Amino acid sequence: AVSGLASQSPSGWAFPWGLRVQLAEVLLMGLFDSDNHGYVAQHERLLQGISRKLWPLLGITANVADALWAWVHFREFSATGDRGLLATAEAGVQRLLQHASEPPPKELWDTPIPADEANFGVEVAASIVEWICERLSDYHANFQTNAPLMQGLVDVLAVAEEAKGADSGSVQQVLAVCLRSSLTAAFLRQVDTITRDADSKAEELVMMARAAGALLRAERATFSPALAHQLPEPDRAAAATLYFLFGQRLKPFLEKASTLEPPTVEVLRAAQRLEAQFGVSVAPKQPVKRAAVAPPEVNPWGPRPAPPSWELDPAIARLSETWADSQLAAVHAGIMRMCEKEDWKAIQQERGCANIAVEINRYIDSVMEALMEMQLRVPVSMVEHLTAGIDDAIQKLVINVLQAVGNADVLVPPVPPMTRYKKQVAAKAAQMEVDGSLPSMSRATSFTPQASGASAARPKSADQAQADLEREAARVAAVSAASLVVRLNSLARLADALDLQEKRVREWWQQIHADAAQMPAEVGGQAGDKLHFHWVKGMFDGATQALTDGLESLCSFIGIKIIFWDLRSDLLEGLYKHHVDGARLQPILDCIDSQHLGVLVEIAAPGLLPILARGLLSALVSALRRVYLDGGPTRLFTPQDAPMLQEDLEAAKALFHANGDGLPADQIGNLCKDLEQILYVMRLDVGTVIDRLETSSRAAPSALSQHTGGASKQIAYDPEVLLRILSHRADHAASKYLKNNYRLPKKLEESGLSRLKDKLTRPSVKSAMAQRPH
């Protein structure tokens, strides 16, 4: 047919260029069977004949023939999808590259190549590139189930781009644009569906985040391997694209959000999960070894700038701080409200705690649980703010509890003035005791302010102060030991709960930041950061210390109330009165054991028993010291009494040691060491005590103006202690010395008090309590 056309043409075979090419294309298309979509029989023999006989007549060079060969096979592939044809087309394009790199034959050196012929291979390659790019621009739709075919097209695209004269960087830019276009199209299809189905903007965003994550997973599993041969790190480019697309819809929502409502939390949680998923893909990988001349790294956004950050962490910080403030305000208000209503009655199923401890634990637990259930990567500052607020609330609770109980010091009567021994006065007082006409020491040394003159001359303000003190003492005394133990149990329960909360917060903090530790900073990660774990340990130190101090204060209060109020008559007034052997300590210890320690053991939490025992022993030691040194004119001792006093002290130690089940022996020894020193001095004769007093007074002339008690190792040389031991010594020499040197009276008289006013300062309640061992 072609030969017949040439014979009828005036110019013979000298057809125009376009017609020659079209004729050559038709001839090559004749090699294919239109019915079977394959080659016709004996197509190789036909091709040889065409190439040998017709190409020279038509003026088809090898370069044009290869271009036609590639184009015809590629067009046939586009109609049939036969990957074998695609491979043949790729081989034809590869031959075009070889022709471009080879010099023309010598016989053609002086023959100019027509422009149409010179550009024909480039035009064919451009057409192939255009067709492939059109399909790759939405490869999610076109190659959803045929990723191998996509990879083949990507390889042909790369060869065709190079045949056009482009470098490898151009290929990567083309593929990056295709990737971005296809992901955008796929994401927008998802958005259209989501917008129709979602009921709210928050639900839309959550569903979009899931869709973006699914697209990224599909990209990494299916499409990135097909692109990876020609595009470095395509999964990173895909993550950047999806990051931008989702961010366009997320940022306006974050800017308008003002509270951490559940829908907002869902959006933030979904965004953080998606950001973590992006972080693994977006993060630069370790460099791989490439050819000697490697192409420059390609920006997945082409000429565009990198996608703007979502500013997710700042948004979470802002919203979480607002949420924390509202929670803390509710916690503080709730605690104060519960304090006002609490009756401090034990709840049996809660280890003897009051309802307030259970409710506060539940309240704090609900706040921390709400924070943890958010599963948000909140900033350190927010969690510190929240835990510091809870810490402060617990501290205020402890202060409120202690203030409501009151100060046990008002239950301690003031120290009576010192007197000196007079045999006749002591005998008369003993007889009056027998007759029942001796005034009670509790009335002689009331806890109310002491009058310095006639009552008629007392100012009204002093009367008011005395009345206020009496009311406060009555109120404090009315607080039962059982209710005090309930307070103890409650504070101990809170302390245990805070310890558990600290462990929970640490575990949650590590879990919630596990992904962030691997994320790069470009997507809000904390790669290389230590995540500030140091702050977690000790986050409730202030509250823990306040609770510990509160437990100690309440135990001390219970000890003071039992010793100085409940046992006041027997211990402060009756112990060793007139004669040591007639009023020993053992009956009082039996009462402490059966009526007080036994009750405390039944109602107090097991972990509190050592603190309670220590508080009770501390108060007992303080009371014994008072009896030894400030017992009033009815307490008279001789060196012969010291063994009995020591025996009583050992009995007290044994009671609290309880054969190893009570307080440790060394702790008991530390609490009682001052008493041991005092008993040592009480064994000394009067002359030795007077010598020590004079020596120590010269060494410390201001010692008599302060009732400090001195350091334990120096108490045997403390002038205040020595003076008081002499005042209680049933000895004429001691009495004479005190009369001549200190003008102490022989009985409690107003004139005697006036003379002592400038010489000795009566210890206040505060200074008396300061003597108690701690």
Does Tyr628 satisfy the condition of being under 30 Å from Arg420 (Cβ atoms) and surrounded by 22 or more Cβ atoms within 10 Å (Cβ to Cβ)? yes
Looking at Val129, Val171, Val122, can you tell me which residue is surrounded by fewer than 17 Cβ atoms within 10 Å (Cβ to Cβ) and closer than 25 Å to Val72 by Cα? Val122
Residue under question is Ala141, and the condition is that it be open to solvent by 40 Å² or more (accessible area, probe 1.4 Å), under 51 Å from the mean Cα position of the chain (by Cα) and aliphatic (A, V, I, L, M); does it hold? yes
Considering every residue within the range 594-610, establish whether at least one is buried (at least 21 other Cβ atoms within 10 Å of the Cβ), over 30 Å from Ala482 (Cα atoms) and modelled with pLDDT under 95. no
Determine, yes or no, whether Leu620 is surrounded by 22 or more Cβ atoms within 10 Å (Cβ to Cβ) and either under 53 Å from the mean Cα position of the chain (by Cα) or of a type in the set (S, T, N, Q) (or both). yes
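Does at least one position in the range 107-122 carry a residue that is of a type in the set (S, T, N, Q), modelled with pLDDT of 65 or more and under 22 Å from Val174 (Cα atoms)? Even if it seems obvious, please write down each step before you answer.
From the range 107-122, those of a type in the set (S, T, N, Q) are 111, 119; that's our starting set.
If we keep only those that are modelled with pLDDT of 65 or more too, we end up with 119.
Those left that are additionally under 22 Å from Val174 (Cα atoms): 119.
Scanning the range 107-122, I find at least one residue that is of a type in the set (S, T, N, Q), modelled with pLDDT of 65 or more and under 22 Å from Val174 (Cα atoms), so the answer is yes.
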Tally up the residues in the range 535-591 that are in contact (Cβ under 8 Å) with a residue 12 or more places away in the chain, under 30 Å from Pro379 (Cβ atoms) and not in a loop (DSSP other than H, G, I, E, B), please. 7
Residue list for the range 207-224, filter: in contact (Cβ under 8 Å) with a residue 60 or more places away in the chain and crowded, with 16+ Cβ neighbours inside 10 Å: Ala209, Ala212, Gly213, Leu215, Leu216, Arg220, Thr222, Phe223
Which residue pairs have Cβ atoms closer than 7 Å, lie 6 or more positions apart in sequence or on different chains, and pair a first residue in the range 476-495 that is closer than 18 Å to Leu616 by Cα with a second residue that is in a helix (DSSP H, G or I) and basic (Lys, Arg)? Ala481/Lys561
Would you confirm, using the coordinates I've provided, whether Pro252 is open to solvent by 50 Å² or more (accessible area, probe 1.4 Å), within 18 Å of Leu136 (Cα to Cα) and either part of a helix (DSSP H, G or I) or out of contact with any His (no Cβ under 7 Å at 6 or more places or on another chain) (or both)? no
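If a residue has to be among the aliphatic types (A, V, I, L, M), modelled with pLDDT under 90 and in a helix (DSSP H, G or I) to count, how many in the range 167-212 make the cut? First the steps, then the outcome.
Keep residues of the range 167-212 that are among the aliphatic types (A, V, I, L, M), which gives 171, 174-177, 179, 183, 185-186, 188, 191, 194, 198, 202, 205-209, 211-212.
Okay, now just the ones that are also modelled with pLDDT under 90, so 171, 198.
Those left that are additionally in a helix (DSSP H, G or I): 171.
Residues flagged as among the aliphatic types (A, V, I, L, M), modelled with pLDDT under 90 and in a helix (DSSP H, G or I) within the range 167-212 amount to 1.
In the range 633-653, which residues are within 20 Å of Thr688 (Cβ to Cβ), open to solvent by less than 10 Å² (accessible area, probe 1.4 Å) and assigned to a helix (DSSP H, G or I)?
In the first step, residues of the range 633-653 are kept if they are within 20 Å of Thr688 (Cβ to Cβ); the result is 636-643, 645-646.
Still in the running and open to solvent by less than 10 Å² (accessible area, probe 1.4 Å): 637, 642, 645.
Those that are within 20 Å of Thr688 (Cβ to Cβ), open to solvent by less than 10 Å² (accessible area, probe 1.4 Å) and assigned to a helix (DSSP H, G or I): Ala642, Leu645.
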Selected residue (only one of Ala237, Ala257 is more than 28 Å from the chain's Cα centre (by Cα), more than 15 Å from Ala211 (Cα to Cα) and among the small types (Gly, Ala, Ser)): Ala237
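The values are calculated or read from the model by the stated rules, or taken from the named source; none is laboratory data. Please read all numbers here as calculations on a predicted model, not as lab measurements. Note: ideal-geometry Cβ built from the backbone for every residue, glycine included; neighbour counts use all protein chains shown. Keep in mind that these areas ignore ligands, DNA and RNA; they rest on the heavy atoms of the full protein, side chains included. Shrake-Rupley method; radii C 1.70, N 1.55, O 1.52, S 1.80 Å.
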